[in-house]
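In what follows, a structure is listed as structure tokens, so that the remarks can point back to it.
Computed from the coordinates by the stated procedures, all read-outs in this text should not be read as laboratory data. Being a predicted model, the structure only gives us computed values, none of them experimental. For neighbour counting, all protein chains shown are included, and Cβ atoms are generated from backbone atoms with ideal geometry for every residue, glycine included.
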Protein chains: 2
Amino acid sequence: MAEKITPRSENFPEWYQDVVLQARLADYSPVKGCMVIRPNGYSIWERIQKEMNDRIKAAGVKNAYFPMFIPESFIKKEADHVEGFAPQVAVVTHAGAKDLDEKLVVRPTSETIINSMFAKWIQSYRDLPLLMNQWANVVRWEMRTRLFLRTTEFLWQEGHTCHATLDEAEVFTQRMLKMYHEFAENVLAMPVVPGMKSEAEKFAGALRTYCIEAMMQDGKALQAGTSHNLSDHFAKAFDTMFLDKDGKQKHVFQTSWGVSTRLIGGMIMTHSDDKGLVLPPMLAETHVVIVPITPKAGTAPAIHEAADRLAASIREHADAQALPYRIGVTVDKDDTKQAGWKFHEYELIGIPVRIEIGPRDLEKSQAVFTRRDVGVKEFVPLADLPAKIARELKSMQSELLEKARTHRDQNTHEVDDYTTFKKLLDEKGGFYKVPWSLDRAAEEQIKEETKATLRCILLDESFKPVQAGKPCFMTGKKDGTVMAIFARSY
Amino acid sequence: MAEKITPRSENFPEWYQDVVLQARLADYSPVKGCMVIRPNGYSIWERIQKEMNDRIKAAGVKNAYFPMFIPESFIKKEADHVEGFAPQVAVVTHAGAKDLDEKLVVRPTSETIINSMFAKWIQSYRDLPLLMNQWANVVRWEMRTRLFLRTTEFLWQEGHTCHATLDEAEVFTQRMLKMYHEFAENVLAMPVVPGMKSEAEKFAGALRTYCIEAMMQDGKALQAGTSHNLSDHFAKAFDTMFLDKDGKQKHVFQTSWGVSTRLIGGMIMTHSDDKGLVLPPMLAETHVVIVPITPKAGTAPAIHEAADRLAASIREHADAQALPYRIGVTVDKDDTKQAGWKFHEYELIGIPVRIEIGPRDLEKSQAVFTRRDVGVKEFVPLADLPAKIARELKSMQSELLEKARTHRDQNTHEVDDYTTFKKLLDEKGGFYKVPWSLDRAAEEQIKEETKATLRCILLDESFKPVQAGKPCFMTGKKDGTVMAIFARSY
């Protein structure tokens, strides 16, 4: 509590770590690269799960659960997949006091184990589309880890679907990307750029990967969600086939898509400040904390009673307003802590609205209102507070999004040549919109020389790459260039 | 679909497996002992999670998430714990393309990794009680597995709490057992006997284990939930200490408690029948299916419209009744399937209420109502159906519990001697209430000779063992005998 948060301007990565640890969102564990998600962080994940689950189910997808262990031979069945994931897996070689005949890989993702079941369940076109999702832990052995953003074990949802045609799979892949886009903006208040990954950056085993990319306050990019068109790559590896209407056996076409606890890290780096966590109301469990100020002995009972009454009327009004979440209101009557300590604590852990009420306020039938992101105290008549709070929570949600969008737009630069790009990137960071030739060697060279990567190829309304009509900013190639975003990233 | 379910009377274990597989609740996976939970089964787990989570949070417990991997040395720190779990663990020896310096155990339960964090977080008495829970997958390498009942990987919740005194820990251990008891009866409609495990059967590392034991339709027992008073055993192993009010450093006293996906297996074996799954309405996602009967061409539009109107009014009425769950109503308009096929299917997957409506019914403003557990068709005026359905769902929930309780009571026998016990056990199965001397060697002998185990020692209202006041049914010892239940079990 008494620790100081490193200011963002001084050291952004240290600021991030300070916020996560001091707000008790997560902690380092004794197992290298694995984190503990503490209650303050896990309640955010529960809100994300609830909102995402509603959207997934509305798309007709059903939840299921597949084993965490995958026979090593499965991982090897799809050539690109094994190349991508083999270096990252954790392997169980010993179980039940015996060496295993076949080693088991702890899932880094579940395409293979799920296809082994799909192959068994799917018989005919009547079984399609088959739309499933699971909420699970996955493991990818990472060299450099960072709380929430990149951990050896993380929590996520992974959707897996089967379709009769490549077109249907493509439509569903796009639909899920749009769902993630809407979710990031409306729930996390995090503006994102939707796009397509390059061949070098796409999912190991996919035909095509779509993604949403967010910009953090330091101008770096964060991949916040991906949706893959797997074509029939895994279906061929696992013989996942169906009898079509025309009487022919065909391979299914598949999609997979996922978001993870990384979203919590992205949300923190989008909104929080030097005082601690700033939490969009959609993700809060407690939205309002009322701090009774009881300087003189004997004032407490009347103030506490007024605070309780106020809490009840805030809840009642919020219910009537049908907010898109259940409002959480607490009254902090703990008399072992000073008011100043409490203000600091609630700013640190990101309670969206703080109300103070003391004897003089009570005399004037008012209280002090402070919104976490704005930080300005306002005296408000008690009778007006419930309506004001419901209104301000809505405003806060949309203003956080707009503020982040403005920051993103102000730090997105259009450049046409590599020299300017390198210069600006070092000076300002941010996103770079450039004409791009899709040259894989050039992409690798840019990464080596600048540490910037191709975040995504921009798409038009119909998910086709936006044509640049200009020479490639790096290679100077003229034909078929598209618009792409390069940036340094997490 | 066309497969036959083995009747219970013929072969109970085969019946169980047939129901689980044919109702598509779960399936065998390619990994030995691991199951796939299919959407029909997972939706039951989601309902269990929701209801249990509400109760856990109401007890002031907060959800968190701890790493799945546990350093091997941690498991060895508590002597009884390592003895109990070492033979069952899966071990990761290799990760990120390297051999690990220290092997990692996949959690069989999380007391050890959680204590390593508690030791860091807890400083003073102000930090107590510390009440946490996690929803997670765990792995215990089992020789003989059975879908839901005993699988190598399973899903569960595990609560872990720290208290300043042994008394407080004991009170909380009992509170969580009462919560499980209430949950089993009110949500799963599964009557249970609460009790205490013997020294031989208690949790590895606990001072004392309380449990709830259910009786399946074949008379066998199923342990459905456990709550452990861990005393300071793990606190001592991990130095989990706090500065007490008296200025002294003391070890905390702890509890842990859990229920798992095994509950789904217990629920199936409590209620289901030779036609398939019988699902308590509290656990259903879809409560009512309306099957339009459209024998003649041209009748479909009017019947479908009537069915949709009926569905809407059932939903509306249920909302007004404030049922303890959101009612699910579907109209099955699929014209590629016969009505007979549909009836069979919905009985198999356990939809609590089926409504049929055809042209003649519509003329008479009526429909056919059938409750899954009762199986008798009734003609009911359309106007009366919404109220009848809400009423019948409530009745079904309580009648399933009462029916199971009657079965349990009729198959619970009080015997005072071992010869009668052995004879009755072979003839009738069921539970045996006996005077018991707490002799560990005798307990082992009974297990070897009869395959029956001590399910629990019966407790009075204040959680003290019920004194038998009779000689032990096995050893004849006279002093200090208590009442206990022996039975064969899953």
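Debye-formula intensities of segment A:121-164, expressed as log10 I(q)/I(0) at q = 0.21, 0.22, 0.31 Å⁻¹, are -0.71, -0.74, -1.05 (one equal scatterer per alpha-carbon, no solvent).
Annotation: the residues A:168, A:448, sorted from fewest to most other C-beta atoms within 10 Å of their own C-beta, follow the order A:448, A:168. What nm distances, shortest first, do you get from the label point of residue A:326 to those in the other copies when the point sits 7 angstrom along Cα to Cβ? Distances between equivalent label points, in nm: 1.3.
Take each residue in B:25-31, count the other chain C-beta atoms within 10 Å of its C-beta, and the mean is 6. Treating each Cα of segment B:150-291 as an identical point scatterer and summing with the Debye formula, the log10 of I(q)/I(0) at q = 0.11, 0.14, 0.17, 0.21 Å⁻¹ comes to -0.50, -0.73, -0.95, -1.25.
The same position residue B:3 in the other copies lies at 5.5 nm from this copy, comparing label points 7 Å beyond Cα toward the beta-carbon, shortest first.
Each of residue B:334 and residue B:297 was given a label point 7 Å from its Cα along the Cα-to-Cβ line. The distance between the two points is 2.4 nm. For segment A:305-414, the extents of the C-alpha atoms along the principal axes are 58, 33, 24 Å, listed from largest to smallest. Multiplying the residue separation of residue A:83 and residue A:387 by 0.36 nm and removing their Cα-Cα distance gives an extension gain of 103.8 nm.
For segment B:12-271, what D do you get in µm² per second when you plug the Kirkwood radius from alpha-carbon pairs into Stokes-Einstein at 37 °C and 0.692 mPa s? In µm²/s, the coefficient rounds to 171. Peptide A:99-107 has a mean of 3 when you count, residue by residue, the C-beta atoms of other protein chains within 10 Å of its C-beta. Along segment B:236-253 the Karplus relation, 6.51 cos²θ - 1.76 cosθ + 1.60 evaluated at θ = phi - 60°, assigns HN-Hα couplings of 5, 5, 10, 6, 7, 10, 9, 8, 7, 4, 7, x, 9, 7, 9, 6, 7, 10 Hz to successive residues, with x for each Gly and Pro. The equivalent ellipsoid that matches the C-alpha gyration tensor of segment B:372-486 spans semi-axes of 43, 16, 10 angstrom, in descending order. Working from label points 7 Å from Cα in the Cα-to-Cβ sense, the residue A:275 to residue B:246 distance is 4.3 nm. In segment A:1-159, the alpha-carbon atoms span a convex hull of 169 Å³ per residue.
Taking the Cα centre of segment A:414-487 as reference, the dipole from Cβ charges on Lys and Arg (+1) and Asp and Glu (-1) amounts to some 40 debye. For segment B:1-93, rounded, prolate or oblate, judged on the Cα gyration tensor with a ≥ b ≥ c (square roots of eigenvalues), a/c < 1.5 rounded, else prolate if a/b > b/c? In terms of gyration-tensor shape, oblate. The rule of thumb for compact globular proteins, 2.2 N^0.38 Å, goes into the C-alpha radius of gyration of the protein assembly as shown 1.01 times.
In segment B:250-323, taking the dipole from charged Cβ atoms about the Cα centre, the farthest positive-side position among B:259, B:290, B:303 is held by B:259.
Remark on segment B:265-312: Rg and Dmax equal 15.9, 46 Å (Cα only). Gyration tensor analysis over the Cα atoms of chain A returns equivalent ellipsoid semi-axes of 44, 28, 22 Å (largest first, whole Å).
Taking the inverse of the mean reciprocal distance over all distinct Cα pairs, the Kirkwood hydrodynamic radius of segment A:260-370 comes to 15.1 Å.
Each other copy places its own label point for residue B:312 at 3.9 nm from this one, sorted shortest first, where the point lies 7 Å along the Cα-to-beta carbon line.
Relative to the Cα centre, the charge distribution of the protein assembly as shown, modelled as +1 at Lys and Arg Cβ and -1 at Asp and Glu Cβ, gives a dipole magnitude of about 220 debye. Partner shielding of A:36-45 amounts to 5, given as the average count of beta-carbon atoms from other chains within 10 Å of each residue beta-carbon. Give the calculated FRET efficiency between residue A:402 and residue B:50 to the nearest 0.05, with a Förster radius of 41 Å applied to their Cβ-Cβ distance. FRET efficiency, residue A:402 to residue B:50: 0.75. Using the average count of surrounding beta-carbon atoms within 10 Å as a protection proxy, the listed peptides B:422-433, B:390-401 rank, highest first, as B:390-401, B:422-433.
Residue ranges B:131-144, A:205-218 sort as A:205-218, B:131-144 when ordered by packing (mean number of other C-beta atoms within 10 Å per residue, highest first). Sparse packing (at most 16 other Cβ atoms within 10 Å of the Cβ) combined with a DSSP loop state is found for the following GluC sites (Glu not before Pro) in segment A:7-81: A:10. Taking a straight line from the alpha carbon of residue B:428, these lysines sit under 16 Å away, with near neighbours fewer than eight places off in the same chain left out: B:220, B:451. About the centre of its Cα atoms, segment A:288-392 shows a dipole size close to 100 debye [charges on the beta carbon of Lys, Arg (+1) and Asp, Glu (-1) only; nearest 20 debye]. Using the alpha carbons alone, the radius of gyration of segment A:369-428 stands to its Kirkwood radius in an Rg to Rh ratio of 1.32.
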